[in-house]
Amino acid sequence: MVADCRLLWQNVARWAANLTCVSMMGLALGGTSAALCQEIDRFAGPDRPVNGPPDRLMEALDTDGNGELSEDELNKAPELLRKLDANTDGKLSFDETLPAGMRDRFGPGGFGPGGGPGGGRGFGPGGGERKLVAQFDIDKDGRLNAAERLAARQANGGREGGRRGRGGFGGRMSNSAPQPGAALQPADVTQFPDRPLYDPDTLRTLFLTFESADWEAELEAFNNTDVEVPATLVVDGKTYTDVGVHFRGMSSYMMVPTGMKRSLNVSLDFVDDEQRLYGYKTLNLLNAHEDDSFLSTVLYSELARKYIPAPRANFVRVVINGESWGVYVNVQQFDKVFLKENYETTGGTRWKVSGSPGADGGLRYLGEDIDEYRRRYAIKSKENERAWNDLVGLCRTLNTTPVEQLETALAPILDLDEALWFLALDCVLVNGDGYWTRASDYSIYQDELGKFHLTPHDMNEAMRSGRGGPGGPGGPGGRPGRGFGGPFGPPGEDDRRADVGSSRDGGPQGPVSDERFAGEPEQFRGRQGGGPGAEGGFRGGRGGGFGGGRGGFGPPGMGGTNLDPLVGIDNERTPLRSKLLAVPALKARYLNHVRTLADKALDWNTVAPRVAHYRHLLAADIQADTRKLSSYEAFLHATHNSQQFDDLDARASAAATESAQPTTDAAGGLEAFFTRRRTYLLNLDEVKTAVTVSIEEHKSPTVASNMQKLQPLMSLNDTPRPTASSPLIVINELMASNSKTIADPQGEYDDWIELYNPTGSSVNLSGMYLTDSDRAPRKWSFPADAVIEPRGYLVVWADEDGKAVGGIHLNFKLSAKGEHVFLVDSDDRGNAVLDQVHFEKQNADVSFGRQRDGDGAWQPLAPTPGGANRERE
């Protein structure tokens, strides 16, 4: 008999959620929908039984109805769960797993509409937040004042918007009340008024002051609603009035009890639309949930931003109503500011693919009904039916195009190389909340020309070595390492899996040697999940049973240093992997990216100094933090460098000796992840034999030109893209301040750029790019019909009007104050720089161009768009 089901529930929830490819609602989070208005204990305490979620999975497995799963019931689980598969398609649909009372409440795919006051909501983007502001906003100012919020809370029956948890397993959080943090005032801290908001070298302090002492209860009451609670923010001696605050996150909220650190969202523009903090209007302050090191999000951001656009991140100290709440991770919002920084535009459409245990936002083709996609993708910009249709078109193209035609079909609508870097980062860094495992927790951007881009969103559960450190304030026993076996194996010798990821055969790999746990106290070992399922059984072998196929895919938060970089390549739920990597050329590029990341990004000698920097920046604050979710010892363990025993290690060793607690060791933490993961990947045959694309071999033939290297996103072999020495096409003339010289086909006087073909043959510009940013070399691509005749000219309008009919329009404007313009070659020729020009401040209606067409020094000219250059009189 399994007496204590707590760990079992956690493993079953995570495993079943991905196994069935649906959201398991309260199962994965340990709760149930508020739609049923049932108060259910999420986790059992030491003397309290487990009350599992009232769903069909428990009904099916718990045949004797005693609230526990016996060994016999566990052994029969595969057979019992198959009975729920009503349509016998080999997987459990959302409806097949819902309790009868919930089936009418939630829409297909686990993404239902939001409820009214006190009601529940479906998990996923379609569930949305409950809309209370319009209902209780008596004075119609678009927000709720204190009296209006009180009325909303009373109408809500005192219930919070989303259930909260009582803490996780293994003593990470104590059942005792947390202690108040230190009292702090602005005069007590160092200020950094001249440093940017996301400066990695500072620990800036944010002071939040709420009107009421029961601010936490009020934030709980309005969780998962559109109500923000007003506060005053003070940063670096400056006061920002009327900011809006709400709790954010899913498991990082629901698994954390009242009084402990929960993630916050702060809106600077809550009342004043123009109010900004160092240029940013939204703050995401994360609680480092499930991250003993505190560093996962920041390191992921730093590594990813070398290759693709990704949110910035650093650390801040948060003080609420005069009391320190410790260190938070400060992560950039995916908004127009992000677009401007990374794509040099604020236009286009943004979607967020929110995380849930069985999310379905992986770009599967769901038919032509836009509502099916609205349930899965949350649009973050202005509602745009055309953009929704484009998203449907992307999914259709990705999923239905024959493999031999797929790359050509996708190239105009999806940034393929960016997508391959996104997938490689996600897998190489083992993002436990990532696309490879949950088909969620990322962002989608469609630029103004219709091309889609992917960026990471949730990065806090990456870079795990597969095991936890010392216990938290709740007592002995650290956070269990992430399980990698199926949940049905008995605990014991097979469940100590420090490094096991999804294997090549669809099931988990076998147990690792106990030598990896040398010196590890028994209470820190194991409980990693059971042994693998039988070949072809419910866990599935290669293509066998449920969840079969190469590597299958791990439950949320799972994966380890042996995670196969080709995991899930036959999983239709994640078509960015299964479809793109079915194209031999794209697979080769992806594996080259994997090799580049393994060789460069995972080099501990490079990463260790960054870890040491953050370790010393944060250590004192984390030690003093009374609201943190794991122990100071766990932080030291996770950030320890075995090659450098520092003063923090010395103090920790002394403290451990006095308290009989273990010291840090090299068996886990970030060092273990980086070293083991790198070794594993660089020794895989597919990675060792990956085809290296030599960009130098794809340079275009030339006419002499003096140009410097563009320093954009990294290329296929992790070197800056080269500059072509012999461009076929040149930038010939431009005007950055056009007030009356020439109108575009729409009658507007916009900036323009003239290109010139100095050769005797026509040149097709399809696939080439123009950009004004060295960080976005593929910012705007020429359409397929863009051709310049021999010794001919082409004028393009720099007006951010890419959808205009008539003429060729860029998605950026020129700055009359001066900037750079680059002409970049196509992807298949390595994105070499064909030509570039830097210009200073420009006068109105004076062009800037070459002294002679295609040659000569740049100088102010009499404007001649589409004709031979002419000096000013």
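The values are calculated or read from the model by the stated rules, or taken from the named source; none is laboratory data. Please read all numbers here as calculations on a predicted model, not as lab measurements. We place every Cβ from the backbone using ideal geometry, glycine too, and count neighbours over all the protein chains shown.
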> Limited to the range 189-214, what total is found for residues that are in contact with a Leu (Cβ under 8 Å, 6 or more places away or on another chain) and of a type in the set (Asp, Glu)?
Replying inline: 1
>> Contact list please: Cβ distance under 6 Å, first residue in the range 132-155 and in a helix (DSSP H, G or I), second residue loosely packed, with under 14 Cβ neighbours inside 10 Å and not hydroxyl-bearing (Ser, Thr, Tyr), pairs at least six apart or on different chains.
In response: Glu148/Ile138
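For the range 380-397, which residues satisfy the criterion of being in a loop (DSSP other than H, G, I, E, B) and surrounded by 12 or more Cβ atoms within 10 Å (Cβ to Cβ)?
Lys380, Ser381, Asn384
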>> Of all residues being within 19 Å of Leu363 (Cα to Cα) and out of contact with any helix residue (DSSP H, G or I) (no Cβ under 7 Å at 6 or more places or on another chain) in the range 456-467, which is surrounded by the most Cβ atoms within 10 Å (Cβ to Cβ)? Just the residue, please.
In response: Asp458
> In the range 398-455, how many residues are assigned to a helix (DSSP H, G or I) and either surrounded by fewer than 24 Cβ atoms within 10 Å (Cβ to Cβ) or in contact (Cβ under 8 Å) with a residue 40 or more places away in the chain (or both)?
Replying inline: 27
> From the residues in the range 736-754 that are hydrophobic (A, V, I, L, M, F, W, C) and over 39 Å from the mean Cα position of the chain (by Cα), which one is nearest to Ser847 (Cα to Cα)?
Replying inline: Ile742
> In this structure, does Ala462 turn out to be touching a residue at least 60 places away in the same chain (Cβ under 8 Å) and under 22 Å from Phe674 (Cα atoms)?
Replying inline: yes
> Going by the conditions given, is Glu211 surrounded by fewer than 21 Cβ atoms within 10 Å (Cβ to Cβ) and closer than 18 Å to Arg143 by Cβ?
Replying inline: yes
> What number goes with the only condition from (1) surrounded by 20 or more Cβ atoms within 10 Å (Cβ to Cβ); (2) modelled with pLDDT of 90 or more; (3) farther than 27 Å from Lys813 by Cα that Gly358 does not pass?
Replying inline: (2)
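This table checks each residue for (1) in the same structural domain as Asp750 (by TED's automatic domain parsing); (2) within 19 Å of Thr741 (Cβ to Cβ); (3) in contact with a Phe, Trp or Tyr (Cβ under 6 Å, 6 or more places away or on another chain).
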position	(1), (2), (3)
Asp772	yes, no, yes
Gly807	yes, yes, yes
Phe812	yes, no, no
Lys817	yes, yes, no
Phe822	yes, no, no
Asp825	yes, no, no
Asp845	yes, yes, no
Gly854	yes, no, yes
> Which residue pairs have Cβ atoms closer than 6 Å, lie 6 or more positions apart in sequence or on different chains, and pair a first residue in the range 70-83 that is under 10 Å from Ala60 (Cα atoms) with a second residue that is modelled with pLDDT under 80 and surrounded by fewer than 17 Cβ atoms within 10 Å (Cβ to Cβ)?
Replying inline: Glu73/Thr63
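Answer yes or no as to whether Thr349 is surrounded by 20 or more Cβ atoms within 10 Å (Cβ to Cβ), in contact (Cβ under 8 Å) with a residue 60 or more places away in the chain and within 30 Å of Asp201 (Cβ to Cβ). Quick ask: steps written out before the conclusion?
Details: surrounded by 20 or more Cβ atoms within 10 Å (Cβ to Cβ): yes; in contact (Cβ under 8 Å) with a residue 60 or more places away in the chain: yes; within 30 Å of Asp201 (Cβ to Cβ): no.
When the stated conditions are applied, Thr349 does not pass them.
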> When only residues in the range 352-401 that are touching a Pro at 6+ places or on another chain (Cβ under 9 Å) and among the hydroxyl-bearing types (Ser, Thr, Tyr) count, which is farthest from Pro412 (Cα to Cα)?
Replying inline: Ser356
> Restricting to helices (runs of 4 or more DSSP H) lying wholly in the range 261-379: which have 2 or more residues that are at positive phi and out of contact with any helix residue (DSSP H, G or I) (no Cβ under 9 Å at 6 or more places or on another chain)?
Replying inline: none
> Just checking, how many residues over the range 737-759 are under 12 Å from Gly866 (Cα atoms) and either aliphatic (A, V, I, L, M) or in a strand (DSSP E or B) (or both)?
Replying inline: 6
> Out of all the residues in the range 218-239, which are free of Cβ contacts under 8 Å to residues at least 40 places away in the same chain and either out of contact with any strand residue (DSSP E or B) (no Cβ under 8 Å at 6 or more places or on another chain) or surrounded by fewer than 19 Cβ atoms within 10 Å (Cβ to Cβ) (or both)?
Replying inline: Thr232, Thr239
> Does Leu420 fit the bill of being in contact with an Asp or Glu (Cβ under 9 Å, 6 or more places away or on another chain) and within 27 Å of Gly560 (Cα to Cα)?
Replying inline: no
> If you check Thr241, Thr202, which single one turns out to be in a strand (DSSP E or B) and either over 25 Å from the mean Cα position of the chain (by Cα) or within 26 Å of Leu618 (Cα to Cα) (or both)?
Replying inline: Thr241
> Would a scan of the range 370-379 turn up a residue that is charged (D, E, K, R), crowded, with 22+ Cβ neighbours inside 10 Å and modelled with pLDDT under 95?
Replying inline: yes
